[in-house]
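Below is one structure, written out as structure tokens; the observations come after it.
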Amino acid sequence: MAELKLMKGNEAFAEAAIRAGADGYFGYPITPQSEVIEYLMAEQPENRTGMVVVQAESEVAAINMVYGGAGSGKKVLTSSSSPGISLKLEGISYLAGAELPAVILNVVRGGPGLGTIQPSQADYNQAVKGGGHGDYQLYVLAPASVQEMADFVEDAFDIAFKYRAPVLVLSDGLIGQMMEKVYLKDQKPRWTEEEIHKMSGDWATYGRKDGRERNIITSLDLKSEKMEARVHRLQAKYKQMEEEDLRFEEIQTEDADYLIVAYGSSARIAQKTIQLAREKGHKVGILRPITLFPYPKKRLMEMTKQLKGILSVELNMGQMVDDIRLAVEHKIPVEHFGRTGGIIHTPEEILEALEEKIIKG
Amino acid sequence: MDIKDIIKPENQVYVKTKLMTDNELSYCPGCGHGTTHRLMMEVVEEMGIADKTIGVAPVGCSVLAYDFMNVDMQQAAHGRAPALATAMSRLMPEKYVFTYQGDGDLAAIGTAETIHACNRGENIVIVFINNGIYGMTGGQMAPTTLPGMRSSTSPYGRDTALMGSPIKMTELIANLPGVYSVSRHAVHTPKHVRKTKKALRKAFENTRLKKGLSFIEVVSNCNSGWKMTPRDSNVWLEENMLPFYELGDIKVDGKLIQK
Amino acid sequence: MAKIRGAIVVDTEKCKGCEVCVPACPTEVIGMSKEVNGKGYHFAYMENPDACTGCSNCAIVCPDGVISVFRVKVEE
């Protein structure tokens, strides 16, 4: 039954996973996202839909459980936070190489190393450059609300199975922990065996039903020509993602002289900034990328015709700012502002930075 | 009677199972991998479960196991096979899931995955090929390399003071309550081959009866890594590996065998 | 009185000349050929065919599964 609830971001994600008809969740505790697995264990979705929930012995084990499940054609997901995502990168590279559909949530915390448990956006580069080794990309969704934490689960699975590729939902500790109202969708039934055979019978390993040819899930290609072909195949997917599944939002950009580019929590906070800015007479808008890969490069380039400058607002020392600079090919000034260490920038701080670095500069 | 009269289709009593593909095995001449693969596929064929069996290949010499075994297979990151198998077995409880792993895969990088899948008592079969060396990467020391045994990273022989003693993973995991059946075998003589096949059959039957985890270690030669001829390596195996890695049942039907 | 006669067929191109079958045979049937196959291996063959009983020991111990075994009862 569709319903309206007040929920924490992490818990909304977990509930949405059950309702999206996920077959399995494999995870490991780490702050600030342990609520995902705690919620799932408490909800006992095996009684609701038969969904399997396993607390693995490590993030490494969890991502490999996801690989095994995804290879069998099942809807599976995992979640972690920055240090745990680093542990998963090998597995994520394998998922990409073996062309497996899976959803991974990163509730980003301050780093590097063990870091802090407060929010951050310092995993941007890790996320949009793929993260692990090799020539691949992840489709990256960046929620900016508890509603999007819930909605993006199904969106992520749709993309994962459309492209047979892993999808990363890049959240942060603020959104994971905060509580907002969220509309939860109706329960989507889990796929039946027949549906899986029909959809994924040409690649998934669920047993050689009716004596079909064996399916092999692997990312190994010792013959260079085959490896090259595989990599080209992956690249074609990413190109298609750029053409068909790019998502972004614009707020008050029609008349904007200056633009803030921000995602996730930073975008939320920046909404107050542009209100303050406009009260002072500055025409500022926000472009909020919803997918970080693919990135709204074309739109940014288009906007250089109207803009005098761009401020990238990120809870890090400057990661997305480089992608903006690349996108606008240095046609207009692009600067960065962001707090780090788990400190959240205030709307006033952002306005001050905008004024100093972009409006006056 | 002429040989031509003996070699007739109706007189055939043994041929390699069709569940081994026609691909030439990439293993060195004489390597126990080939024998073990074949025994597993014979068991799967005889049980009629080829359409329900999924295997997980490791990283190591047998990374290409999926080229040789004619069942659905996944290739896992180094050491992670039991994690893949855990998910597969839980998501598809009616299927027969096995991992096939070498000593580096199972007892070095994969130690945590091995122990925890065993501890959870997943309904899978783990086949552990122990040849006391890292074959694929050129003969380095393994967690199961014997004391004094030479390898490319223990060129003067394994010094247990510096490098630790060999780990008997099999005995370690046998103590975990979730593990139902544990045994150690070999495949270098016909007698051993027949015993190993029986053990493999029992393991897959355990899966069918949802008894929990079945663990079979196969002590094998690695003539390339040990730098011997295949025949000499099998003699060396009998004289050195088997006294240390004792063959036989270690846990049967959930109970440890008292020695 | 019936006698068991056996014979093996070796896929000589797939045989890697490992010789593990040689000591497996209880009646010393198998030898290694002087010729080599396309890969340069000396392959196994029935050097002493009359002694073969079709017990399959060689076939089951062969790592590459290159041996097929035939067996027939012969009335004396």
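The values are calculated or read from the model by the stated rules, or taken from the named source; none is laboratory data. Predicted model, so just to flag it, every value in this text is computed and none were measured. Positions of Cβ are generated from backbone atoms using ideal geometry, with glycine treated the same way; all protein chains shown enter the neighbour counts.
Give region A:202-229 a look and list any residue that's surrounded by fewer than 17 Cβ atoms within 10 Å (Cβ to Cβ) and in contact (Cβ under 8 Å) with a residue 24 or more places away in the chain, or say none.
So the first thing to find is which residues in region A:202-229 are surrounded by fewer than 17 Cβ atoms within 10 Å (Cβ to Cβ), and the list is A:202-203, A:209-213, A:221-229.
The one that is surrounded by fewer than 17 Cβ atoms within 10 Å (Cβ to Cβ) and in contact (Cβ under 8 Å) with a residue 24 or more places away in the chain: A:W203.
Quick one: which residue in B:K210, B:K198 is surrounded by fewer than 19 Cβ atoms within 10 Å (Cβ to Cβ) and assigned to a loop (DSSP other than H, G, I, E, B)?
Values: B:K198 fails: assigned to a loop (DSSP other than H, G, I, E, B).
None of the others qualify; the one that does is B:K210.
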How many residues of region A:46-61 are surrounded by 24 or more Cβ atoms within 10 Å (Cβ to Cβ) and either away from chain B (no Cβ under 11 Å) or within 18 Å of the chain's Cα centre (by Cα) (or both)? The answer is 1
What pairs can you find where one residue is in region B:61-83 and at the interface with chain A (Cβ under 7 Å from one of its Cβ atoms), the other is of a type in the set (K, R) and in a loop (DSSP other than H, G, I, E, B), and their Cβ atoms are less than 6 Å apart, with a gap of 6+ or different chains? B:N70/A:R214; B:V71/A:R214; B:D72/A:R208; B:D72/A:R214
List, please: which pairs have Cβ atoms under 9 Å, are six or more places apart or on different chains, and start with a residue in region C:16-28 that is at the interface with chain B (Cβ under 7 Å from one of its Cβ atoms) and end with one that is of a type in the set (K, R) and surrounded by fewer than 17 Cβ atoms within 10 Å (Cβ to Cβ)? C:K16/C:K39; C:G17/C:K39
Among the residues that make up region B:49-59, is at least one of them surrounded by fewer than 24 Cβ atoms within 10 Å (Cβ to Cβ) and within 14 Å of the chain's Cα centre (by Cα)? yes
Hey, can you tell me all the residues within region B:223-240 that are away from chain C (no Cβ under 14 Å) and surrounded by 24 or more Cβ atoms within 10 Å (Cβ to Cβ)? B:G225
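For region A:314-323, indicate whether the set of residues that are of a type outside the set (F, W, Y), without any contact (Cβ under 8 Å) to a residue 24 or more places away in the chain and in a helix (DSSP H, G or I) is non-empty.
Initially, region A:314-323 is screened for residues of a type outside the set (F, W, Y), giving A:314-323.
With without any contact (Cβ under 8 Å) to a residue 24 or more places away in the chain added as a condition, the list becomes A:318, A:321-322.
From what is left, the residues that are in a helix (DSSP H, G or I) are A:321-322.
Yes, the conditions are met somewhere in region A:314-323.
Is there a residue in region B:47-55 that is assigned to a helix (DSSP H, G or I), away from chain A (no Cβ under 11 Å) and under 30 Å from C:G54 (Cβ atoms)? Walk me through it before giving the result.
Here is the first cut: in region B:47-55, the ones assigned to a helix (DSSP H, G or I) are B:47, B:50-52.
Add one more test, that the residue is away from chain A (no Cβ under 11 Å), and what stays is B:47.
Subset that is under 30 Å from C:G54 (Cβ atoms): B:47.
Within region B:47-55, one or more residues are assigned to a helix (DSSP H, G or I), away from chain A (no Cβ under 11 Å) and under 30 Å from C:G54 (Cβ atoms).
Rundown of residues vs (1) away from chain C (no Cβ under 13 Å); (2) under 14 Å from the mean Cα position of the chain (by Cα), yes/no style:
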residue: B:G178; (1), (2): yes, no
residue: B:S181; (1), (2): yes, no
residue: B:K191; (1), (2): no, no
residue: B:K195; (1), (2): no, yes
residue: B:F204; (1), (2): yes, yes
residue: B:L213; (1), (2): yes, no
residue: B:N221; (1), (2): no, yes
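Only one of these is modelled with pLDDT of 95 or more, over 27 Å from A:K331 (Cα atoms) and aliphatic (A, V, I, L, M): A:V231, A:V284. Name it. Spell out the reasoning first.
Values: A:V284 fails: over 27 Å from A:K331 (Cα atoms).
Only one candidate qualifies: A:V231.
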Residues of region A:314-357 being closer than 26 Å to A:I175 by Cβ and in contact with a Gly (Cβ under 6 Å, 6 or more places away or on another chain), in sequence order, are A:E314, A:L315, A:N316, A:H336, A:G341, A:G342
Scan of region B:9-33 for residues that are free of Cβ contacts under 8 Å to residues at least 12 places away in the same chain and either more than 7 Å from chain C (Cβ to nearest Cβ) or small (G, A, S) (or both), ordered by number: B:P9, B:E10, B:D22
Enumeration of residues in region B:1-30 that are surrounded by 14 or more Cβ atoms within 10 Å (Cβ to Cβ), in contact with a helix residue (DSSP H, G or I) (Cβ under 7 Å, 6 or more places away or on another chain) and closer than 18 Å to C:K14 by Cβ: B:Y14, B:K16, B:T17, B:L19, B:M20, B:T21, B:L25, B:S26, B:Y27, B:C28, B:P29, B:G30
Unmet criterion (only one of (1) facing chain A (nearest Cβ under 7 Å); (2) in contact with a strand residue (DSSP E or B) (Cβ under 6 Å, 6 or more places away or on another chain); (3) surrounded by fewer than 24 Cβ atoms within 10 Å (Cβ to Cβ)) for B:S152: (1)
Being out of contact with any strand residue (DSSP E or B) (no Cβ under 9 Å at 6 or more places or on another chain) and within 23 Å of A:I92 (Cα to Cα) is the filter here; which residues of region A:202-224 pass it? A:D202, A:D221, A:L222, A:K223, A:S224
Scan of region A:187-232 for residues that are over 18 Å from B:Q75 (Cβ atoms), assigned to a loop (DSSP other than H, G, I, E, B) and touching a helix residue (DSSP H, G or I) at 6+ places or on another chain (Cβ under 7 Å), ordered by number: A:Q187, A:K188
A:E335 - would you say it is among the acidic types (D, E), in a strand (DSSP E or B) and not assigned by TED's automatic domain parsing to the domain that holds A:M149? yes
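What strands (runs of 3 or more DSSP E) completely inside region B:67-148 contain at least 3 residues that are modelled with pLDDT under 95? Working first, answer last.
Details: elements: B:72-75, B:96-102, B:125-130.
Here the list is empty.
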Expected single match for crowded, with 22+ Cβ neighbours inside 10 Å, within 14 Å of the chain's Cα centre (by Cα) and assigned to a loop (DSSP other than H, G, I, E, B) among A:A150, A:A144 is A:A144
Inside region A:241-258, can you point out the residues that are within 23 Å of the chain's Cα centre (by Cα) and either among the hydrophobic types (A, V, I, L, M, F, W, C) or closer than 7 Å to A:V284 by Cα (or both)? A:M241, A:L246, A:F248, A:I251
So which pairs qualify, if the first residue must be in region A:347-361 and over 14 Å from A:G285 (Cα atoms), the second must be surrounded by 18 or more Cβ atoms within 10 Å (Cβ to Cβ) and of a type in the set (F, W, Y), the Cβ gap must be under 7 Å, and the two must be at least 6 apart or on different chains? A:A353/A:F337; A:K357/A:F337
State whether one or more residues within region A:184-201 are touching a residue at least 24 places away in the same chain (Cβ under 8 Å), acidic (D, E) and crowded, with 24+ Cβ neighbours inside 10 Å. no
So which of A:Q252, A:Q235, A:Q240 is surrounded by 12 or more Cβ atoms within 10 Å (Cβ to Cβ), within 30 Å of B:S62 (Cα to Cα) and more than 14 Å from chain B (Cβ to nearest Cβ)? A:Q235
Of all residues being touching a Lys or Arg at 6+ places or on another chain (Cβ under 8 Å) and touching a residue at least 60 places away in the same chain (Cβ under 8 Å) in region B:84-123, which is farthest from the other protein chains (Cβ to nearest Cβ)? Just the residue, please. B:N123
Is at least one residue of region A:236-253 in a helix (DSSP H, G or I) and at positive phi? no
